[in-house]
Amino acid sequence: VGAEALLRWHHPERGLLGPDLFIGVAEQSGLITEIGEWVLNEACHEAARWQRQGARGLAVSVNLSTVQLHRGDLEAIIAQALVASALPPALLELELTESMLLEKSDSFIQRLRSLKELGVKLSIDDFGTGYSNLSYLQRFQVDKLKIDKSFVTNLSSNEQNRAIVTAIIQMAHSLKLKTTAEGIEHQVVKTILKSLGCHFGQGYLFAKPMPADDFLGLAQQARVERE
């Protein structure tokens, strides 16, 4: 049904580097703004290409940083990326962390409303690990909760984690929100989540991170198998 855009650095000497090795530096130096804009544009163009090649309805989610959220031209940048790529706004999902939503300024609230007016989706990443102020779920009109992998990984053997995940899913249903479980690696965990009513899942059980071309092939094959 979709993919999350993940960033890797092809370092000329050290090879493929994960975001934990460079995102912090990018945020401190201010380069995260340019990197974030590049990721957004790349993700939109790739997702639009998927639609043209027959994988219609395949969405892409992009993580927003705190620095990006405080930029005055964020809405314009996102709108421009959608227009330039011709990607339907509903197929772009912007991921925010719970800590970002602690801010209650009028300008911040208006920013999220403006993003929603563009027609994009909003999701809360790593839900359950931050300062869960449930009032923001309705005030900011989010569409989805992504259940943090720390609760999902040992779901079959940890009763406390299962209770937490059950509560999150039931709450999401009550608020008419979709749920995605992160970090699914085993079939038994997927089966449990499905029985609890979780809508979507991501993790190594389905696929490891891969280039966009490989993902398109995977998605097309999955659709053939479903049909």
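The values are calculated or read from the model by the stated rules, or taken from the named source; none is laboratory data. This one's a predicted model, so the numbers in the text were calculated from it and none came from an experiment. As a convention, Cβ positions derive from the backbone with ideal geometry for all residues, glycine included, and neighbour counts pool all protein chains shown. Calculation scope for accessible area: heavy atoms of the full protein, side chains included, ligands and nucleic acids excluded. Shrake-Rupley method; radii C 1.70, N 1.55, O 1.52, S 1.80 Å.
For the reader, a short list of remarks on this structure follows.
- The distance from the alpha carbon centre of the range 199-227 to that of the range 174-189 is 16 Å, rounded to a whole number.
- With at most 16 other Cβ atoms within 10 Å, longest stretch of the chain clear of loop trypsin sites (Lys or Arg not before Pro) (DSSP): 105-175
- Segment Arg226-Glu27, extension gain: residue separation times 0.36 nm, minus the distance between their alpha carbons: 67.5 nm
- For the chain, convex hull volume per residue from C-alpha positions, Å³: 140
- Using θ = phi - 60° in the Karplus curve 6.51 cos²θ - 1.76 cosθ + 1.60, the 3J(HN,Hα) couplings for the range 160-174 round to 5, 4, 5, 5, 5, 5, 4, 5, 4, 5, 5, 5, 4, 4, 4 Hz; x is entered for Gly and Pro.
- Surface accessible to a 1.4 Å probe, per residue, for the residues of the chain, Å²: 54
- ³J(HN,Hα) computed for each position of the range 211-220 - Karplus, 6.51 cos²θ - 1.76 cosθ + 1.60, integer Hz, glycine/proline x: x, 4, 4, 5, 5, 4, x, 4, 5, 5
- Stretched out straight at 0.36 nm per residue, the stretch from Trp38 to Arg56 would grow longer than its current Cα-Cα span by 4.1 nm.
- Spacing of the modelled spin labels on Arg8 and Asp73, each 7 Å from Cα toward Cβ, amounts to 3.2 nm.
- Phi angles of the range 67-77 translate, via the Karplus equation with coefficients 6.51, -1.76, 1.60 and θ = phi - 60°, into HN-Hα couplings of 4, 4, 5, 8, 6, x, 10, 4, 4, 5, 5 Hz per residue; Gly and Pro are given as x.
- Dipole moment magnitude, nearest 20 debye, the range 165-227 about Cα centre, only Lys, Arg, Asp, Glu C-beta charged: 300
- Note on Asp214 and Ala90: their simple-model spin labels are 3.2 nm apart, each label 7 Å out from Cα toward Cβ.
- Annotation: amide H of Gly201 within the under-5 Å range of Ala181, sequence separation 5 or more or interchain, hydrogens built in the peptide plane.
- Normalised contact order of the chain, rounded percent, pairs of Cα under 8 Å and 6 or more residues apart: 14
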